[in-house]
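J.: Below you will find the structure I want to go over with you.
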Amino acid sequence: MKRLAALQQKLDGAIKAYRAHLELAEPEGTEQLAAHSAKTAELKAVMDRASEAVANERGAMEAERQLVPVRQANGRELVISGGEDRAALDPRGGFQNFGEFIGAVFLSGAGRGSDPRLHYEKEAAAPTTFGRESVGADGGYLVPPEFSARVYQHSLDEGSLVPLTDNIPLGGNSMSFPKDETTPWGTNGIRAFWQGEGTAGSQTKPVLGEFGLRLKRLTALIPVTDELLQDASAVPAYVEGRAGVSIAFKVNDSFINGDGNGKPLGFVNAGPLVSVAKETSQTAATINAANVAKMYGRLPRVTPSTRWLINHDAINQLPLMVIGQMPVWQPDFKVSPYGTLFGIPVVPSQSCSTLGTAGDIYLVDFKSYIVITKAGGIETATSMHLFFDANATAFRLTFRIDGQPWYLNPITPNNGSSSLSGFVRLDTRA
């Protein structure tokens, strides 16, 4: 940077000198005119050389910035230039794919030499009295970040509800949230009043509460046999697929059924959940148009994050729902593979209750659910020592998350007897 600044300063001086010379009046004599032209050419040459030097320096800086680790002839050792973060230069840590990384771990654990690419510069965080994940002999190697990001994205592709929630990534471990659960028509909180001429205004004050969330730990520990490790093309699908599906399911289930003990607090176990009663003489294990219409009426708002969650056994009942001659369900597959109810996407969920029991169908505004996640997504590490006696290598994926509904109680409407909520379920139909 200092060299560029010096070259730029030299160029500025050359430009000023050239400009000042051009502003001089041209002499009339032949000899004087020739001298003037020679001086003009000289100053222009100086300016051009200075400009070229600046351009060259900037080109060199850009090349250094984009320089990535390259392999030497042996295909293993990496050449790194400068003091830049290796993860930023090459998020794969020098490996072509996840299978190649796992294969290197296997060979190292089998005593067939340590691949230098495994000694990744970014070390795993660990107490000093425990084995460090960045050292093979102490417990494993940190997976390069691009592979970690691939696994996390895969979990989102498996129907994760996290993107629908009010999600806040954190650098720390906890966060406190102020909240105001008062309504404009209630008896407390900030309210407005009509004021007559010459009368004093009515005073109100905010009623603020507070709650906090602290990241909980979700871990997938996956042992992979040495035989499977030798088939590198099969390992990525195995590890990523299993971990992604499991993480997505556990997180989704916690948003619904979580008890808040070491996991997020699900809306089923929270205060704002409201229930809709079954119809008189309704057949057991059925969901009809009147049920979903009444559930829809208990929702205070519809947002892009509103979803119907439904047990798979109830899917075949959706096309039968009509009010008069108008169908309630629409096969709008561009919005959802399972269509829509009242224009809201339907999402089958294994976390819903058995058909006919309370919780086999929910109507949820996920923007009413607050979530914090650890910035950076999933932390991934591997060890060949944990299951050494079973000839297997362990892959550990850790996802830190917490969540709960934004408010503690249903909303009391200004006029009407039925409370409102972003979390609505249908009661048992037995």
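The numbers here are math on the coordinates, done by the rules we state, and not lab data. The structure displayed is predicted, hence computed values, not measured ones. As a convention, Cβ positions derive from the backbone with ideal geometry for all residues, glycine included, and neighbour counts pool all protein chains shown.
J.: What list of ³J(HN,Hα) values in whole Hz, one per residue of the range 7-17 in order, does the Karplus curve 6.51 cos²θ - 1.76 cosθ + 1.60 (θ = phi - 60°) give from phi, with Gly and Pro shown as x?
T.: 5, 5, 5, 5, 5, 4, x, 5, 5, 4, 5
J.: Net charge near residue 268: determine it from the other residues with C-beta under 10 Å of the C-beta of residue 268, scoring Lys and Arg +1 and Asp and Glu -1.
T.: 0
J.: OK, next. Taking the Cα atoms of the range 387-428, what is the range of coordinates along each of the three principal axes, in descending order and whole Å?
T.: That gives 68, 26, 10 Å along the principal axes, largest extent first.
J.: Out of residues 5 or more away from residue 266 or on other chains, whose amide H comes under 5 Å of its own, with H placed 1.01 Å from N in the peptide plane?
T.: HN-HN under 5 Å from residue 266: 258, 259, 260.
J.: Under a plain spin-label model, where a point goes 7 Å from the Cα along Cα-to-Cβ, how far apart in nm are residue 197 and residue 282?
T.: Here the modelled spin labels are 5.7 nm apart.
J.: Averaging the inverse of every distinct alpha carbon separation and then flipping it gives the Kirkwood radius. What is it for the range 2-66, in angstrom units?
T.: 13.3
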